[in-house]
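Notes to accompany the following structure.
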Amino acid sequence: MPPAVRAQLLATEHWSLLATRSTAQSEVLSRITTFLMLVSSSIVGLALIGQVTRFDGRFIAFALVLLGMLVVIGTLTQIRVGNAAIEDLAHVIGMNRLRAGYVELDPAIERYFVTSAHDDSRGVWQTYNHLAGPRAILQPLASSGTFITFVSAGLAGAFGALVAVALNAPGPVVGVVAAACGVAYFGISVMLGLRQVRRLARRSVLFPAAVAGSGSGSEQPAR
């Protein structure tokens, strides 16, 4: 195949991945915005219902239904954000492989790339954040997935506390139940997330830095 045709095919696929990645990110941001608007409006609704019912049994029943729905919607949003993160990783890996194709056409251009032409772990991290390095721990901690997990864990804790209140539990017990539900929700979410990360770490690598070489001469295979 002529190099010009090959470059055109690679560029077409590259633009396709960019468009798909942008669409997925926009959809996820829309889901997150909708969820947060629902949470904020629910808090306002609870305040209004509380004033009308004077926080009697009717308020407890309404709050249980509303908070239960918020926990379910938050969990579904969290799952969608996690799936979108996996899709985004696939797009980044695909674009790194396409850059490897560009480098095969002209090895001299690799030194001009800000992002990586390798699809190993180090190359993926370079594409995500080329200035922070391959172990940028703040990136996953500040991600949308972690943010939604914290919000959903807080809602789960509030729901657990409300259940304890409905059962006429004393104040200290309500606090313990709230903390236990929130921590349990967050802990289970983190455990499932780490399991997914370990599974993705076993993916196939076609263009590791140790085999394909590195334009900057600084990349080493991920350990």
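Filter region 148-177 down to the residues that are out of contact with any Cys (no Cβ under 6 Å at 6 or more places or on another chain) and in contact (Cβ under 8 Å) with a residue 60 or more places away in the chain and list them by number. So that I can check it myself, show each step before the final result.
Keep residues of region 148-177 that are out of contact with any Cys (no Cβ under 6 Å at 6 or more places or on another chain), which gives 148-155, 158-159, 161-177.
Passing the criteria: 148, 149, 151, 152, 155, 158, 159, 162, 163, 165, 166.
For residue 1, which of the numbered conditions (1) of a type in the set (A, V, I, L, M, F, W, C); (2) loosely packed, with under 15 Cβ neighbours inside 10 Å; (3) in a helix (DSSP H, G or I) fails to hold?
(3)
Here is a list of conditions, (1) modelled with pLDDT under 95; (2) touching a Leu at 6+ places or on another chain (Cβ under 7 Å); (3) closer than 29 Å to residue 191 by Cβ; (4) not polar (S, T, N, Q), and residue 3 meets all of them except one; can you say which number that is?
So the condition that residue 3 fails would be (3).
Take the residues of region 94-121 that are in contact with a Ser or Thr (Cβ under 9 Å, 6 or more places away or on another chain) and without any contact (Cβ under 8 Å) to a residue 60 or more places away in the chain: which is surrounded by the most Cβ atoms within 10 Å (Cβ to Cβ)?
99
Please enumerate the residues belonging to region 57-86 that are surrounded by 15 or more Cβ atoms within 10 Å (Cβ to Cβ) and under 22 Å from the mean Cα position of the chain (by Cα).
70, 71, 73, 74, 75, 77, 78, 80, 81, 82, 84, 85
Within the group 164, 169, which residue is closer than 30 Å to residue 58 by Cβ, of a type in the set (A, V, I, L, M, F, W, C) and part of a loop (DSSP other than H, G, I, E, B)?
Exactly one residue qualifies, and that residue is 169.
Could you check how many residues of region 24-56 are under 15 Å from the mean Cα position of the chain (by Cα) and surrounded by fewer than 15 Cβ atoms within 10 Å (Cβ to Cβ)?
Final tally of qualifying residues: 5.
The values are calculated or read from the model by the stated rules, or taken from the named source; none is laboratory data. Please read all numbers here as calculations on a predicted model, not as lab measurements. Note that we place each Cβ from the backbone using ideal geometry, even for glycine, and neighbour counts take in every protein chain shown.
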